[in-house]
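Since the structure comes first, as structure tokens, the remarks are kept for the end.
The values are calculated or read from the model by the stated rules, or taken from the named source; none is laboratory data. Quick caveat, the model's predicted, so the values are computed rather than measured. Neighbour counts are summed over all protein chains in view; Cβ atoms, including those assigned to glycine, are modelled from backbone coordinates with ideal geometry.
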Amino acid sequence: SAERLSSLVALEMLDLSNNNIMEVRAGAFPPVPLKNLLMNNNRISTLEHGCFSNLSSTLLVLKLNKNRLSSIPPKIFPLPHLQHLELSRNRVRRIEGLTFHGLHGLHSLKIQRNGIMRLMDGAFWGLNNMEVLQLEYNNLTEVSKGWLYGLLTLQQLHLSHNAIIRIKPDAWEFCQKLAELDLSWNQLSRLEEGSFVGLSVLEQLHIGNNRIIRYDVNELFLRFSFNKWFLQGNRIRSVTRKSFTGLDLLEQLDLSNNAIMSVQANAFSQMKKLAELHLNTSSLLCDCQLKWFSPWVAEHAFLPLVNASCAHPHLLKGRSVFTVAHDEFVCDDFPKPQITVQPETQSAIKGTNVTFVCSAASSSDSPMTFAWKKDNEILNDAEIHNQAHLRSQVSEVSEVTEYTTTLQLRRVEFTSEGRYQCVISNHFGSSYSTKAKLTVHMLPYFTKMPMDLTIRAGATARLECAASGHPSPQIAWQKDGGTDFPAARERRMHVMPRDDVFFIVDVKTEDVGVYSCTVQNTAGAVSANATLTVLETPSFLRPLMDRTVVKGETAVLQCIAGGSPPPRLNWTKDDSPLQVPERLFFAAGNQLLIIVDAADADAGTYTCEMSNPLGTERGNLRLTVMPNPNCDSGPAAGGALGPEEDGWTTVGIVIIAVVCCVVGTSLVWVVIIYHTRRRNEDCSVTNTDETNLPADIPSYLSSQGTLAERQDGFMYTYIYYVNKLLFWMRLIAINRLTALFLTN
């Protein structure tokens, strides 16, 4: 009772062990300067809140081992100065979060032999100064960062003799100061990449007496500094040259009590500081690849710690590997399976079938077993086909059999993605293939399709396009099959590769077109089109101009219309419907009104009316028909020629001039040809080649000697300059004619 203890004002240590105490009630201990309280081997099953409150300022050590506690109430220990707490050999099965909240100064905690099955997230939160946590002999099945949360200063973690089968990725995120980790005597069957990520200052790792067959060495211990690794009592069958990647600082390695069958050359070469190697096996395959082992062990003085004997071939069975001569090692026999065909990394469309193939060869007739793994998990229900055939005969007493195993995956889903590996085993060991990655793709499909859009000019156009697929597709836009966007050039377009919406602000008629949305991923591509129509009020692209024509000539009235959609045009005359005689024609969508053989009745005011869904626009022009001067008042009668008459008169003159030029040119060339032939006949020239006129006539004349030749030269000169004159006359006539046609 508190009364019996209150008089002990200097009490620092109290041992109540080996009694029959069944409960500790609130206020059981008076405020005495107690530092050590031992209550081991009692029958305590209940701890009331406040039972240790009066000791909060002094208590350093509390031991409650070997009692009957089935649960630990949260926040039952308001002891900020407590350094050591022992709760071993009780009946605790589950520890809730915040159970040890308030023990900010605790350095070590022992909860051994309780049968703990579950540690909830935050079970040890608040133990900011914890250095040693002992959880041996419980029933824990996994290590996760949830229950390790808050143990930022933990240096030693003892988890031996549990039922741990898995270490979750990033489990050690909150324990990165851990120097010693004991996971021995558990049920670990593999060590995966990431199993020990974060333990960069680890010095000792105990994983002995588990079920480890092999481990994935890819970056498993990269940049690790621990110097002692205990792997004894596992099921390791082979040691490869990559088995100890990253363990450059390892000083002690224990591989004893493993049925190791093969040790590859240079398997221990990178451990430059290795001073102690424990290895004992009677299962070695003594082939040519093991010749290096004996000299290496002797060189490093490991002979007292290594006990290794041969199991194959039969002639060497039972002999120590250190007594086998170099020429006695078997070189043409490999009973352990050797992978010859590796499964290949593949990509597949969702819903299709995928096949992985793996082959291995062996010279042993030992029964072969086949297995496939996905992400290091055995595929028990997979569709697997196995076959074997004799490949070749290695020697007179050895034959090689090749084994092929095929994994068939039907109608793959996204859950089928992963890394696949085949394992081919016999009595002499197992061979593991490389890991082939399967990626499942899905053709993209639209979740939002672009729709046709009709919008007024000046507004903002909004086109949507969204799609899904695996991997996520990229979105690309095109206009009329190309990448030329007028809106982009004018910085009116807003779009990003992963946006669902495509914007065009201040829409113009040049933005009209077919916009294509293409979504694409590694599986393929699909496209959808949307037509953008821009509505614009009708307007006159050219001002309406009055026309004056001569009676009997053709009059063309223009009404060049703009707008979107293109407006419909309607003509009226003097505010009355237009009568369409045989002399009246429409062209270019009613934009041209053509009146042939204009008469006095055709004169008047013509109205062009254009309309589309946005509105109507009207314009007037006047047609004047003048009397024909040839019939009414020609020049002889004192009448003046109008502009149209003067134009056509000029056209006639130009046509006559062109005809005369062509005729004159032809006559000149006839004279030249005739004269040339006559001169050749008079001079009896036998040369039958055609006579070619020189390009430069004046230079040609200066080179002639006789009088007759100079006379001919003068004639040629005359013809040359006449031709020049005719050429320029033709050029002027053609230009004048072209100008007249363009004007009319």
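Considering segment 206-215, the residues that are out of contact with any Asp or Glu (no Cβ under 8 Å at 6 or more places or on another chain) and not polar (S, T, N, Q) include one that is surrounded by the most Cβ atoms within 10 Å (Cβ to Cβ), namely Ile207. If the condition is being surrounded by 14 or more Cβ atoms within 10 Å (Cβ to Cβ) and either among the β-branched types (Val, Ile, Thr) or not assigned by TED's automatic domain parsing to the domain that holds Arg237 (or both), then segment 297-327 contributes Val297, Val306, Val321, Val324. Taking residues in segment 11-31 that are in contact (Cβ under 8 Å) with a residue 24 or more places away in the chain, and partners anywhere that are among the basic types (Lys, Arg), the pairs with Cβ atoms closer than 6 Å and at least 6 places apart or on different chains are Glu12/Lys35; Met22/Arg43.
The rows are residues; the columns are (1) farther than 15 Å from Leu119 by Cβ; (2) buried (at least 19 other Cβ atoms within 10 Å of the Cβ); (3) at pLDDT below 90.
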residue	(1), (2), (3)
Gln156	yes, no, no
Leu159	no, yes, no
Glu180	yes, no, no
Ser189	yes, no, yes
Glu193	yes, no, yes
Phe196	yes, yes, yes
Val201	yes, no, yes
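Quick check on segment 282-300. Is at least one of its residues over 52 Å from the mean Cα position of the chain (by Cα) and not in a loop (DSSP other than H, G, I, E, B)? The answer is yes, given that some residue of segment 282-300 is over 52 Å from the mean Cα position of the chain (by Cα) and not in a loop (DSSP other than H, G, I, E, B). If you check Val297, Val306, Val324 for being more than 19 Å from Leu255 (Cβ to Cβ), among the β-branched types (Val, Ile, Thr) and in contact with a Leu (Cβ under 9 Å, 6 or more places away or on another chain), only one passes: Val324. Scanning segment 530-555 for residues that are exposed (fewer than 14 other Cβ atoms within 10 Å of the Cβ), at pLDDT 85 or above and not hydroxyl-bearing (Ser, Thr, Tyr) yields Arg542, Pro543, Met545, Asp546. Evaluate the following for Arg491: is it surrounded by fewer than 15 Cβ atoms within 10 Å (Cβ to Cβ), touching a residue at least 12 places away in the same chain (Cβ under 8 Å) and of a type outside the set (Ser, Thr, Tyr)? Judged against the criteria, Arg491 is not a match.
The set of residues in segment 396-431 being surrounded by fewer than 21 Cβ atoms within 10 Å (Cβ to Cβ), closer than 30 Å to Met442 by Cα and not aliphatic (A, V, I, L, M) consists of Thr406, Gln408, Arg410, Arg411, Glu413, Phe414, Thr415, Ser416, Glu417, Gly418, Arg419. Of the residues making up segment 311-358, just one is part of a loop (DSSP other than H, G, I, E, B) and in contact with a Pro (Cβ under 7 Å, 6 or more places away or on another chain), namely Asp333. Of the strands (runs of 3 or more DSSP E) lying entirely inside segment 122-196, those containing at least 2 residues that are among the hydrophobic types (A, V, I, L, M, F, W, C) and under 18 Å from Lys110 (Cβ atoms) span 132-134.
The strands (runs of 3 or more DSSP E) found entirely in segment 556-601 that carry 2 or more residues being surrounded by fewer than 16 Cβ atoms within 10 Å (Cβ to Cβ) are 568-573, 584-587, 592-595. Could you give every pair whose Cβ atoms fall below 6 Å, whose first residue belongs to segment 455-471 and is farther than 15 Å from Ala487 by Cα and in the same structural domain as Val514 (by TED's automatic domain parsing), and whose second residue is assigned to a strand (DSSP E or B) and among the acidic types (Asp, Glu), counting only separations of at least 6 or pairs across chains? Taking only residues 6 or more apart or on different chains, not a single pair turns up.
Taking segment 509-524 as the range and being surrounded by fewer than 16 Cβ atoms within 10 Å (Cβ to Cβ) and part of a strand (DSSP E or B) as the test, the residues that pass are Val514, Gly524.
Listed here are the residues, each with its yes/no results for (1) more than 30 Å from Lys573 (Cβ to Cβ); (2) among the hydrophobic types (A, V, I, L, M, F, W, C); (3) over 28 Å from the mean Cα position of the chain (by Cα); (4) outside the structural domain of Glu617 (by TED's automatic domain parsing).
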| residue | (1), (2), (3), (4) |
| --- | --- |
| Ile475 | yes, yes, no, yes |
| Val519 | yes, yes, no, yes |
| Met545 | no, yes, yes, no |
| Gly552 | no, no, yes, no |
